[in-house]
1. Can you tell me how many residues within the stretch 30-77 are closer than 18 Å to Cys90 by Cα and not in a loop (DSSP other than H, G, I, E, B)?
2. Evaluate the stretch 88-104: report whether one residue or more is of a type in the set (A, V, I, L, M, F, W, C), open to solvent by 20 Å² or more (accessible area, probe 1.4 Å), under 26 Å from Ala17 (Cβ atoms) and out of contact with any strand residue (DSSP E or B) (no Cβ under 7 Å at 6 or more places or on another chain).
3. Could you list all residues from the stretch 144-193 that are among the polar types (S, T, N, Q) and more than 12 Å from the ligand (Cβ to nearest atom)?
4. From Arg146, Arg83, which residue is on the phi > 0 side of the Ramachandran plot, open to solvent by 20 Å² or more (accessible area, probe 1.4 Å) and without any contact (Cβ under 8 Å) to a residue 60 or more places away in the chain?
5. Of (1) in contact with an Asp or Glu (Cβ under 9 Å, 6 or more places away or on another chain); (2) open to solvent by 50 Å² or more (accessible area, probe 1.4 Å), Leu180 satisfies all except one. Which?
6. Can you find, within the stretch 194-214, the residue that is farthest from the ligand (Cβ to nearest atom) among those that are without any contact (Cβ under 8 Å) to a residue 40 or more places away in the chain and of a type in the set (A, V, I, L, M)?
7. Could you say whether any residue in the stretch 197-207 is in a helix (DSSP H, G or I) and of a type outside the set (A, V, I, L, M, F, W, C)?
8. Could you check Arg122 against (1) away from the ligand (no atom under 13 Å from the Cβ); (2) in contact (Cβ under 8 Å) with a residue 40 or more places away in the chain; (3) buried (at least 16 other Cβ atoms within 10 Å of the Cβ) and say which number it fails?
Amino acid sequence: MIRLGVNIDHVATVRNARGGEHPDPVAAALLAIEAGADGITAHLREDRRHIRDADIDRLKAAITKPLNLEMAATEEMVANAIRVRPHAACIVPERRAEVTTEGGLDAAGQIDALRPMVTALRAAGIRVSLFIDPDIRQLQAAASLRADIVELHTGAYAEGKPNELERLRNAAAATTGLGLECHAGHGLTYANVQAVAAFPEVVELNIGHFIIGQAIMDGLTTVVHCFRTLIAEAR
Ligand code: PXP
């Protein structure tokens, strides 16, 4: 069965909008696992705009399923990962001004800088995933770096760019010969997930924004009903 990793970053985005404790991304992770998630993904960004260091520590302690830590290729983040020891570290490109991860990691262009980081993470027993565009050069670089996993960036496909599904299919097919486990994610929704989930090589999908957004839509009725009851009971 294909695994579903739930990215809980945007629960923290909502929490941080008010600066308090609610909603708690760790509580959301536990609910997601109870509902059938096979793992939890969280991105500790350099600017800590959503997930914070303490969230990662609490997640690691609380969840019973694998933690996939998304991180930039920096010495600070490698040291963090080695301290926390998530099940997997997914190296993503990160630019301060971006709203979300735009485009895949240029593994081919940064091979020398990435090599010691991949080696250190693997030596600590952490599976290493590289978030790359569906491009054969990037796949070959990931294999040469001895990454365990590639996560194929589905963002361009999700935006409806032409030929992207074909590029993803070809990249997924190439992972087997290169000895890479194949994951995929970014921008996946009810409407576009099935075409990617159908690729036989893809063993894990990581989905965040749509899940958290749709959870608001699905949960709003319950919460409004609950408030109607509470305020009516108060009279
Ligand atoms: N995979 C990776 C590596 C990501 O960086 C993200 C976004 O944080 C996702 C998956 C999930 O993307 P989305 O939030 O669009 O579902």
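1. Number satisfying all stated conditions: 19.
2. Looking through the stretch 88-104, at least one residue is of a type in the set (A, V, I, L, M, F, W, C), open to solvent by 20 Å² or more (accessible area, probe 1.4 Å), under 26 Å from Ala17 (Cβ atoms) and out of contact with any strand residue (DSSP E or B) (no Cβ under 7 Å at 6 or more places or on another chain).
3. Hits for the stretch 144-193 are Ser144, Asn163, Asn170, Thr175, Thr176.
4. Arg146
5. So Leu180 meets the others, but not (2).
6. My answer is Ala198.
7. Checked the stretch 197-207: no residue is in a helix (DSSP H, G or I) and of a type outside the set (A, V, I, L, M, F, W, C).
8. (2)
The values are calculated or read from the model by the stated rules, or taken from the named source; none is laboratory data. These figures come from a predicted structure and were not determined experimentally. Positions of Cβ are generated from backbone atoms using ideal geometry, with glycine treated the same way; all protein chains shown enter the neighbour counts. Protein only, heavy atoms only, side chains kept; ligands, DNA and RNA dropped before computing areas. Shrake-Rupley method; radii C 1.70, N 1.55, O 1.52, S 1.80 Å.
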